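J.: Mind having a look at this structure? Questions to follow.
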Amino acid sequence: MECRCAGRQDSSGSTVDLTLLEPHLAHCERSGAQGNLIAILQKTQEIYGYLPTEALVYLSQRLSIKPSKIMGVVTFYTQFRTKPIGKHLILLCQGTACHVNGSAKIEDAIREALGVEEGEISKNGLFTYTNVACLGCCSLAPVMMIGEKTYGGLTKGKAINILKEIEREETAE
């Protein structure tokens, strides 16, 4: 049985340059690490910013792994994305400490400021936000991460100011 999505384009309508995967796959073969699917998926996401369908089908064929197994791994781990995201990914904690300290209000403020729902890209292409179960920063609740930076003790105003500052920095570059 063949994967019926093999000929489709990714959700952005563009085709994906699969040759970008070859140096990494060749390295995995040389080092004997070709069986490390998670590392290969991480590298694929690093290359494209997400996991395009075409790349997943290619990996399935190239690694002789069933598409269902690959999708099982992709959908199990929250680190993997199957849709493009904005330049800055906002991870908004919805754990218990953050929830009781107002993370729902922070989410409303972010959604309103960016004009998006969870998982969507802002019109300027800079932001995508997603809710996560826990960031492990309970003493900073409510908290969000943008890239590698953690922002705690959030209020609606503080969250919006952080987004505006990142936007200012981006337009100044």
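The values are calculated or read from the model by the stated rules, or taken from the named source; none is laboratory data. Keep in mind it's a predicted model, so treat the numbers as computed, not measured. Note that each Cβ is placed from the backbone with ideal geometry, even for glycine, and that neighbours are counted across all protein chains shown.
J.: Of the residues Gly152, Gly115, Gly136, Gly119, which single one is over 26 Å from Tyr50 (Cα atoms) and outside the structural domain of Pro52 (by TED's automatic domain parsing)?
T.: Gly152
J.: I'd like the full set of residues that are over 15 Å from Leu89 (Cβ atoms) and among the hydrophobic types (A, V, I, L, M, F, W, C), limited to the stretch 105-128.
T.: If the condition is that a residue be over 15 Å from Leu89 (Cβ atoms) and among the hydrophobic types (A, V, I, L, M, F, W, C), then Ile106, Ala109, Ala113 are the ones that fit.
J.: Select from the stretch 131-169 the residues that are of a type in the set (Asp, Glu) and farther than 22 Å from Glu117 by Cβ and list them in ascending order.
T.: Glu148, Glu165, Glu169
J.: Among the helices (runs of 4 or more DSSP H) contained in the stretch 59-173, which hold 2 or more residues that are modelled with pLDDT of 95 or more, more than 21 Å from the chain's Cα centre (by Cα) and not β-branched (Val, Ile, Thr)?
T.: 96-100, 156-172
J.: Only one of these is surrounded by fewer than 17 Cβ atoms within 10 Å (Cβ to Cβ) and either touching a residue at least 40 places away in the same chain (Cβ under 8 Å) or out of contact with any strand residue (DSSP E or B) (no Cβ under 8 Å at 6 or more places or on another chain) (or both): Thr128, Thr155. Name it.
T.: Matching residue, one of Thr128, Thr155: Thr155.
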